[in-house]
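**Q** I'd like to ask you about the structure that follows.
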Amino acid sequence: MSIILRLDRVMADRKMSLKELAERVEISNVNLSNLKTGKVRAIRFSTLDAICRELHCQPGDILEYVDDEEEEEKK
């Protein structure tokens, strides 16, 4: 099972910078950058809620599930 974070795509669509979103969500630039690049293993619901509120999106716009078997078949 793989969960892929698409935060960078949603931020680009909304033309919002990392710094601006970090300030609005009250999270450090480093932590938001880690979320954006997928270098995290977990996300708090409160953080996800704040990100979705500021980007006017749904959690499914940010998170995507990819089946490992399907991913292997593509390779």
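**Q** Quick one: which residues, 5 or more positions from Arg6 or on another chain, have an amide H under 5 Å from its amide H? H modelled 1.01 Å from N in the peptide plane, none for Pro or chain starts.
**A** HN-HN under 5 Å from Arg6: Leu63, Glu64.
**Q** Which whole-Hz couplings ³J(HN,Hα) result when phi for each residue of region 50-57 is put into the Karplus expression 6.51 cos²θ - 1.76 cosθ + 1.60, θ = phi - 60°, listed in order with x for Gly and Pro?
**A** 3J(HN,Hα) across region 50-57, in whole Hz: 5, 5, 5, 4, 6, 8, 6, 9.
**Q** While we're here: Per DSSP H run of n ≥ 4, the term is -39500 (n - 2.57); total these for the chain, divide by its residue number, and report the mean residue ellipticity at 222 nm rounded to 500 deg cm²/dmol.
**A** -16500 deg cm²/dmol
**Q** Also, I was wondering about something else. Among (i) 8.0; (ii) 5.5; (iii) 5.2, find the value of mean projected area of the Cα convex hull in nm² that was calculated from the structure presented, and write down its label.
**A** (iii)
**Q** Where only protein heavy atoms count, and the probe is 1.4 Å, what is the accessible area per residue for the chain in Å²?
**A** Per-residue value: 74 Å².
**Q** Nearest 0.05, what FRET efficiency do Asn34 and Asp67 give at R0 = 25 Å with Cβ-Cβ as r?
**A** 0.55
**Q** Sticking with this one: Can you tell me, using C-alpha contacts under 8 Å and at least 6 residues apart, the relative contact order of the chain as a whole percent?
**A** Contact order relative to length: 52 percent.
**Q** Just to be sure I understand the model, the point goes 7 Å from the Cα along the line to the Cβ. What's the resulting Ser17 to Gln58 distance in nm?
**A** Result for the modelled spin labels: 3.1 nm.
The values are calculated or read from the model by the stated rules, or taken from the named source; none is laboratory data. Predicted model, so just to flag it, every value in this text is computed and none were measured. No Cβ is skipped: glycine too gets one built from the backbone with ideal geometry, and neighbour counts run over all protein chains shown. In case anyone asks, the SASA skips ligands and DNA or RNA and just uses the protein heavy atoms, side chains included. Shrake-Rupley method; radii C 1.70, N 1.55, O 1.52, S 1.80 Å.
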